[in-house]
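Below is one structure; the comments refer to it alone.
Just so it is clear, none of the values below were taken in a lab; they were calculated from the coordinates. Model, not experiment: these values are computed from the prediction. Note that we place each Cβ from the backbone using ideal geometry, even for glycine, and neighbour counts take in every protein chain shown.
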Amino acid sequence: MNSLILRVASRYLAAILLVFSIYMLFRGHNEPGGGFIGGLIGATGFILYAVACGTREARATLRVDPQSLAMSGLAASLLSAFASALFRDAPFTGQWLFLGATEGSKGIPVSTVILFDIGVYLVVLGAILMLVFAMEEEI
């Protein structure tokens with residue numbers, strides 16, 4: 001596309017959409033959102049950028065092959081399933097670690113659930129971008 005306004009605006013909108021997608025990813029454990037919605041919003045930012053600036057420039061901005069992104073997300077999700085096996089629990093049972101716990105405070109809770117959500121985020125982002133970039137390159 002040759003619209004200067006769209007090219008300039010898409011850079012800012014894509015950045016805003018990516019930040020919002022990360023917010024939705026981390027918000028989704030206890031409220032609506034999570035890896036799937038965050039991945040869709042992040043993919044929307046890159047798709048907007050690809051429409052405005054071209055697929056080649058969008059791939060260069062992404063810096064990672066979308067297929068590798070999806071595969072690493074799948075590995076992270078499977079890792080969260082195997083983490084519960086270390087404690088002889090059912091697959092995908094949330095395991096919690098409290099960082100910086102002292103006698104007076106519980107610390108910062110970190111769980112395998114967020115690892116699963118990050119994996120889903122990467123799978124959705126990579127799969128959608130792989131599909132859209134392939135379709136955009138055909139046109």
Quick check on this structure: which one of GLU57, GLU138 is loosely packed, with under 12 Cβ neighbours inside 10 Å and out of contact with any strand residue (DSSP E or B) (no Cβ under 6 Å at 6 or more places or on another chain)?
GLU138
Does ALA101 count as aliphatic (A, V, I, L, M) and loosely packed, with under 12 Cβ neighbours inside 10 Å?
no
Looking at the range 40-69, which of its residues are over 16 Å from the mean Cα position of the chain (by Cα) and of a type in the set (S, T, N, Q)?
THR55
Output the residues belonging to the range 106-136 that are among the hydroxyl-bearing types (Ser, Thr, Tyr) and more than 18 Å from PHE46 (Cα to Cα).
SER111, THR112
Within the range 38-95, the residues that are part of a loop (DSSP other than H, G, I, E, B) and not small (Gly, Ala, Ser) are ARG63, VAL64, ASP65, LEU86, PHE87, ARG88, ASP89, PRO91, PHE92, THR93, GLN95
With the requirement that a residue be among the aromatic types (Phe, Trp, Tyr) and either under 14 Å from ASP117 (Cβ atoms) or in contact with a Pro (Cβ under 6 Å, 6 or more places away or on another chain) (or both), what does the range 61-95 give you?
PHE92
What residue, among those in the range 1-37 that are under 14 Å from the mean Cα position of the chain (by Cα), over 21 Å from VAL132 (Cβ atoms) and without any contact (Cβ under 8 Å) to a residue 24 or more places away in the chain, is surrounded by the most Cβ atoms within 10 Å (Cβ to Cβ)?
GLY33
I'd like to know if the range 38-52 contains one or more residues that are farther than 30 Å from LEU4 by Cα, in contact (Cβ under 8 Å) with a residue 40 or more places away in the chain and crowded, with 19+ Cβ neighbours inside 10 Å.
no
Going through the range 80-90 in order, the residues found to be in contact (Cβ under 8 Å) with a residue 12 or more places away in the chain and out of contact with any Phe, Trp or Tyr (no Cβ under 7 Å at 6 or more places or on another chain) are ALA83
Within the range 100-136, take every residue that is hydrophobic (A, V, I, L, M, F, W, C) and part of a strand (DSSP E or B) and give me the one that is farthest from THR55 (Cα to Cα).
ILE108
For the range 91-101, state whether one or more residues are out of contact with any strand residue (DSSP E or B) (no Cβ under 9 Å at 6 or more places or on another chain) and free of Cβ contacts under 8 Å to residues at least 24 places away in the same chain.
yes
